[in-house]
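Have a look at the structure below, then the notes.
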Amino acid sequence: MPEVRLLRRYEVSNKLRIATYIVSFILGVILFILVEIAYGADFNDILFKLFIKPITSYEDLKVTLRYFIPVGITSLGLLITYRAGIYSIGAEGQLVLGSIFVAWVAYSFASLEKPISIVMALLAGVLGGVMWALIPGVLKGFLNVNEVLTTLMLNFVAYSLTDYLIYGPWRSPKSFNFPLTEPLNESYIIPTYMGVSIIGIAIMISLIVIINVIIKYTSIGYEIRAYGYNPAAAYAAGISPRKVALLTFILSGALAGLAGALQLTTVHYRLGPKPWSVSESLGYTSIIAAWLSRLEPLAILPASMLLAMLINGGLNIKASLGQPEGIVNLMNGIILITLVATEFVLNYRVVIKLR
């Protein structure tokens, strides 16, 4: 009888980590392509739509960059919580709350002029994300409530809050009874250059540099990393779990809320129902980008760009094959499952002995 044992890996080389993540990502894409082939799609056509078309024409590149910005900023925030060993999946709801706060400011202070109006909108988005993130942050820090459950449930509360507003008090009388709010005033719209949000890209790159410095070269970053590596040892060394939980949720929520503000002020300009909502499920997609980056801030750039290409490609596949709306979410889910499965390979090795 063969004896199968699982042995813990205590040290994993960077080469093995990189190779494992690359292989798992490729496996996820292959599994999605197999699903598409089962739908009747052509293999070469799927590869073209996923990896070539999103960047080969300016129109497609604009769409890719549109997703690149919110995915990059939101995944950067999630990276902070994951570094601390806190597995938040609430960026979707925090992004939604950021957009709601921006809409409230825009409708309440319609007379403000640029650039004050833009600054107010972005700060409102940050505040909305932080307030929504503080709910699971406080529950985690003070009561040790599981953050996966609280953040997931709050995403649906955020959806419901949006529905209440667009079907109720914020519903536009000019929308022909369709659940949409009034468009933002021009003073709250961030200009783009040839359809590309240069300001959004500049903000994202600046944030990546700042978060990289915080995580790697400050005492706060050290505490976050130490707690993520070994919570018991970090606590014994005087690092407060409450402080780590609150701080990481605040930073993560602020970035997700900022992404929601940029979505509303550069792309959507009004709140609406799913599937036309501001979030576009990008909060969930950002989870994949964070893990694909191996929780390295500088790697967020290529990881989020790759995910933006896949979103664009998935939408192209959906449109050309007449597939249901959830096909992009299916692709994201398959890739996420394969990435999560790599944690087993990285943390354990299988030993088989013949007896």
How big is the C-alpha Rg of the range 199-355 next to the rule-of-thumb value 2.2 N^0.38 Å, as a ratio? 1.27
Compute, for the chain, the length of the dipole vector about the Cα centre, with Cβ point charges of +1 (Lys, Arg) and -1 (Asp, Glu) only. Units Debye, rounded to 20. 1020 debye
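Among the listed pairs K62/K174; K140/K243; K140/K274, which have their C-alpha atoms separated by more than 21 angstrom in this model?
Cα-Cα > 21 Å for K62/K174; K140/K274; rest within.
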Which far-off residues, 5 or more places away or on another chain, put their amide H under 5 Å from the one on Y348, with H placed in the peptide plane? R9
Suppose we keep just the DSSP beta bridges with both residues in the range 2-354; what percent of those would be antiparallel, to 5? 100 percent
Over the Cα atoms of the chain, each weighted equally, I'd like the Debye log10 I(q)/I(0) at q = 0.12, 0.14 Å⁻¹, rounded to two decimals. -0.91, -1.20
If we count other beta carbons within 10 Å of each Cβ, what is the order of Y217, Y348, fewest first? Y217, Y348
GNM result for the chain, Cα springs below 10 Å: residue of P70, P183, P54 fluctuating most strongly: P183
Per-residue HN-Hα couplings for the range 183-199, Karplus 6.51 cos²θ - 1.76 cosθ + 1.60 at θ = phi - 60°, whole Hz, x for Gly and Pro? x, 5, 4, 4, 5, 9, 9, 7, x, 10, 10, 6, x, 10, 7, 5, 5
Debye calculation, C-alpha points only, no solvent: report log10 I(q)/I(0) for the range 1-126 at q = 0.14 Å⁻¹, in the same order as the q values. -1.01
Which value, in debye to the nearest 20, gives the size of the charge dipole of the range 78-189 about its Cα centre, when Lys and Arg are +1 and Asp and Glu are -1 at the Cβ? 120 debye
Separation in nanometres of the label points that stand 7 Å from Cα toward Cβ, at Y107 and N144: 4.3 nm
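Each reported figure results from applying straightforward, stated rules to the coordinates on display, with no laboratory input. Computed from a predicted model, the values in this text were never measured in an experiment. Note: ideal-geometry Cβ built from the backbone for every residue, glycine included; neighbour counts use all protein chains shown.
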